[in-house]
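Down below is the structure, laid out as structure tokens.
The values are calculated or read from the model by the stated rules, or taken from the named source; none is laboratory data. Nothing here was measured: the structure is a model prediction, and the numbers come from that model. Heads up, the Cβs are rebuilt from the backbone with ideal geometry, glycines too, and the neighbour counts pull from every protein chain shown. Ligands, DNA and RNA are excluded from the accessible area calculation, which covers all protein heavy atoms including side chains. Shrake-Rupley method; radii C 1.70, N 1.55, O 1.52, S 1.80 Å.
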Amino acid sequence: MRLPPRTADALIAGLVLLLVTVWTLISGWQVHESAPRAALGWVLVVVGCGALALRRTWPVAVAVVTLLACVVYYPLSEQDGPLMIAFALALYTTAAEGRFAAAVALAAATLLAVGLGEVRQEPGHRQIDEAALAMLAGWLISLVAVGRAQRTRIAYLHEVEQRALAAEREQEARARQSATEERLRIARELHDVLGHTVSLINVQSGAALHWLAKHPDTETALATATEALTAVRTTSKDALRELRATLGVLRGADEAAPTAPPASGLALLGDLATRARSAGLDVRTRVNGTPVPLPPPVDLAAYRIVQESLTNVTRHSAASTVTVTLDWEAATVRIRIADDGGTARPGPDDRAGAAGGSGVRGMTERARALGGTLTAGPADGGFLVDARLPTTVTPQEGKHR
């Protein structure tokens, strides 16, 4: 378990005090000095070592205090304990805490003071010769250099940690974005599949109930109901097949889907028109230009746009005729779905607000994800959906379809 910084500093200060005390007692076992001088010496030892408990809070002040304690202690005391260890640790901490200029100044002042003090000594009374003075200089420089290196190392590790955290946050954001995009894609698929087929089933079952209510005993009503129920069965079967394929994207990569996904593209435009005709719409298709094979994302998007447009006509309009036009151009395919209008059915989802509904918004998102465009709105007394899709897509566009 890692100790808090202040607790660790207090513990280190206690260990240094213990080391200096034991060393001083051992080295000065036979040294005799007056009680006042000995007491002052021990006070300086306690002050110098005790100040280390605050070395990271006030590194420069602690270094100055330990240096002054050494300046007074060594000329005064006869025991010459290793109080210099406290100053060495304080000097190192000053450099390690980023106070490099202050650490250099303190080291230089220490070296200068020791040098001047030895020069002023009488011959034969010097305690430090030139070699020892050079070693002291190297020692002080090493302390400052090691402290500076530790500061640089800590800053580097902090930067690496911050970069790792930023990379992790970015990775999490990308994962959330990918999950959101996938959920939106699945929701769009489910909306298109279920919205279209359920709308057709609703219209067909409603027609059967209408005929049975008005002519309960006629063969015509029975035939009409039978035809409508057959269409309901066919439509619901197709819906289940497409729903299974759509839900397959929710399965794990190592889990096989129950059925292979059916082809959904402009090749099935005829089947789509046939199902819409069973709901009472007169669907007409026109093709201009030479059709070309489309990439699967574009082919599916084109199919879904036509499917959703027919669903909107079935649900929100009293139109009787819908024209689906495919214009094959050089690099795009233009898809237009136009109805002949009619009286709008009332309700919160009527055609007056259809352009802002989730269906039109979903079609627009499909087109834009592939680099295409889509507009929808009233035209010539009816409603027109006009989409342009590229005949080729980049891998990135295909990925976010």
Which percent of the accessible area of segment 20-87 is formed by carbon and sulfur heavy atoms (probe 1.4 angstrom)? 74 percent
How would Asp271, Asp327, Asp299 rank on accessible area, largest to smallest, probe 1.4 Å? Asp271, Asp299, Asp327
Between Gln177 and Gln150, what is 0.36 nm times their sequence separation minus the Cα-Cα distance? Round to one decimal in nm. 5.7 nm
At R0 = 35 Å, how high is the FRET efficiency between Ala113 and Gln162 if r is their beta carbon distance? Nearest 0.05 is fine. 0.25
Computed FRET efficiency, Cβ-Cβ of Asp271 and Thr321, R0 22 Å: what is it to the nearest 0.05? 0.70
Would you rank Phe100, Phe383, Phe87 by solvent-accessible area, highest first, keeping every protein chain in place and using a 1.4 Å probe? Phe100, Phe383, Phe87
Just to confirm, what accessible area per residue do you get for segment 1-113 at 1.4 Å probe, in whole Å²? 55 Å²
Leu190-Ser205 pseudo-label distance in nm [points 7 Å out on the Cα-to-Cβ vector]: 2.0 nm
Residue list for segment 76-115, given a label point 7 angstrom along the Cα-to-Cβ vector of Arg56 and an amide N cut-off under 19 Å: 86-100, 103
Between Leu40 and Glu170, what's the calculated FRET efficiency when r is the beta-carbon distance and R0 is 51 Å? Round to 0.05. 0.25
When only DSSP loop residues count, what trypsin sites (Lys or Arg not before Pro) in segment 30-125 have their Cβ near at most 14 other Cβ atoms within 10 Å? Arg120
So for the pair Trp328, Asp282, with labels modelled 7 Å out along Cα→Cβ, what separation do we get in nm? 2.8 nm
